1. Where does each of Ser234, Ser203, Ser68 land when they are ordered by accessible area, with a 1.4 Å probe and the largest first?
2. Cross-link list Lys63/Lys395; Lys121/Lys256; Lys121/Lys142; Lys162/Lys256; Lys142/Lys256: which exceed 19 angstrom alpha carbon to alpha carbon?
3. Hey, got the Cα dimensions of region 171-325 along the principal axes, in Å, largest first?
4. Using a 1.4 angstrom probe on the protein heavy atoms only, line up Lys106, Lys115, Lys258, Lys142 by accessible area, largest first.
5. Heavy atoms of the protein only, probe of 1.4 Å, neighbouring chains included. What is the accessible area of Arg318 in Å², nearest 10?
6. Which FRET efficiency value, to the nearest 0.05, is calculated for Ala67 and Lys256 with the Förster distance at 30 angstrom and r the Cβ-Cβ distance?
7. Can you tell me which of 266-273, 326-333, 188-195, 240-247 comes out highest on packing, and rank the rest after it, using the mean Cβ neighbours within 10 Å?
8. Let me check against my output: what whole-number percent is the relative contact order of region 256-315, with C-alpha pairs under 8 Å and at least 6 apart?
Amino acid sequence: MASSQSQLYCMLNSSATFTGDSITIPQSYSLNQDLPFLKSSINSSTTPPHNYNNLQLDSSKMKSKLASVWREIHGLNNWENLVEPLNPLLRREIVRYGEFVAACYKAFDLDPNSKRYLNCKYGKRSMLKQVGLGDSGYQVTKYIYATALDTNIPMQPDPGAKWIGYVASSSDQESATLGRRDIVITFRGTVTNPEWMANLMSSLTPARLDPHEPRPDVKVEAGFLSLYTSDESSRKFGLGSCREQLLSELSRLLNKHKNEEISITIAGHSMGSSLALLLGYDLAELGLNRPDDSRKEIPVTVFSFGGPRVGNSGFKERCEELGVKVLRVVNVNDPITKMPGVLFNENFKGFRGRYEFPWSCSCYAHVGVELMLDFFKMHNPTCVHDLENYIGLLKCPKGSKRDRKGTDLMESAKGLLSGGKQSLQWRNMAINMFNLVQSQWT
């Protein structure tokens with residue numbers, strides 16, 4: 001499916017030139033302006049777009065414009081006319097939230113000799129600054145931990161809860177600029193062996209997150225649900241589940257800022273995008289985004305980077321009914337985005353659109369609107385799932401392909417799977433899974 005040449009696709013405004021953090025935009029710019037689709041590859045050159053009025057819209061001015069249209073940028077109208085072609089304001093927001101997710105990888109301690117091994121290297125107050133986001137205008141309010149699956153298969157030394165992400169809130173000054181108080185929750189992707197186990201589980205199970213309305217027809221992948229809901233109750237000083245930690249902190253923040261306009265933005269990469277979608281559904285199903293004393297619903301938006309399918313068609317339909325907005329940023333060459341449900345998915349539910357197969361309710365289905373990217377490197381095939389490549393392509397350096405050097409964060413994480421005999425069967429599983437997807441994909 002991918003050619004032998006490295007190809008990068010980007011969408012640019014015909015009258016906008018990206019230069020670092022600034023954009024040249026004509027005075028006639030509007031939110032729904034058409035933006036043509038440009039292609040950049042080894043054998044093609046990009047013609048610089050025309051500079052109309054040399055009006056430089058820097059980061060602060062972009063934020064100012066965003067304050068008046070943030071609901072549309074966060075999916076109020078399901079990103080109609082904003083994704084294809086890609087709107088500059090939406091592009092900026094996707095990159096911004098992608099960098100919040102990348103912070104999880106940068107702060108994650110992969111040194112086996114460290115006392116913070118498989119946890120965050122920094123304290124809450126300094127973490128964003130340490131990873132280069134000190135000027136983001138957000139403050140981390142809580143770290144989130146997820147408990148691994150309890151299996152009899154040999155794992156890493158300690159199968160307990162590991163740092164999976166964080167909750168942050170925009171500062172007073174940033175909130176004034178954004179036009180609302182933005183609460184952000186981010187999740188990293190798969191790193192540990194138990195997390196790989198969660199990825200490899202493909203059975204659907206009822207979510208049952210609302211005790212008053214179980215909804216057995218709403219089903220999600222068992223491994224992702226286990227990571228979201230498992231706790232350390234068997235341990236004397238064990239943590240509550242990832243879900244319990246999140247609902248407690250979000251309830252606290254929503255109550256603290258109850259008199260303000262609020263947005264809830266959830267972002268994740270790979271497995272983290274699955275947890276992001278589960279949280280978004282959970283919040284909406286429980287009605288936590290619908291305060292009793294207010295008629296206005298708090299928007300819940302999920303930005304998913306390289307995420308797999310999470311649930312069945314019943315889950316998809318329920319997310320849509322609840323108004324959970326999901327923007328899926330997908331590389332067409334990324335096999336993870338095609339799982340689970342490589343064969344039986346939303347594209348294989350019926351015959352010629354007329355007849356629905358009896359197993360359609362058991363088919364996996366993607367949720368939300370898709371923003372499609374296309375990148376591939378023959379010398380480094382693993383780049384197709386790397387978050388830094390996703391973000392780099394969205395930033396779209398003008399005129400040429402992006403070729404990263406140095407250590408890949410995802411590669412460092414994958415190194416955990418290469419140490420010792422205990423992980424051999426996990427590596428074989430992962431390789432077999434990749435080969436299965438590739439065989440169906442090519």
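1. Ser234, Ser68, Ser203
2. The pairs that break the limit, which is 19 Å between Cα atoms, are Lys121/Lys256; Lys162/Lys256.
3. Over region 171-325, Cα extents along the principal axes are 43, 33, 33 Å.
4. Ranking Lys106, Lys115, Lys258, Lys142 by accessible area, largest first, yields Lys115, Lys258, Lys106, Lys142.
5. The accessible area of Arg318 comes to roughly 40 Å².
6. Result of the calculation: an efficiency of 0.90.
7. Those peptides, ordered most packed to least, come out 266-273, 188-195, 326-333, 240-247.
8. It comes to 46 percent, rounded to a whole number.
The values are calculated or read from the model by the stated rules, or taken from the named source; none is laboratory data. These figures come from a predicted structure and were not determined experimentally. In this analysis, Cβ positions are derived from the backbone assuming ideal geometry, glycine residues included, and neighbour counts consider all displayed protein chains. Heads up: the accessible areas ignore ligands, DNA and RNA and are worked out on the full protein's heavy atoms, side chains in. Shrake-Rupley method; radii C 1.70, N 1.55, O 1.52, S 1.80 Å.
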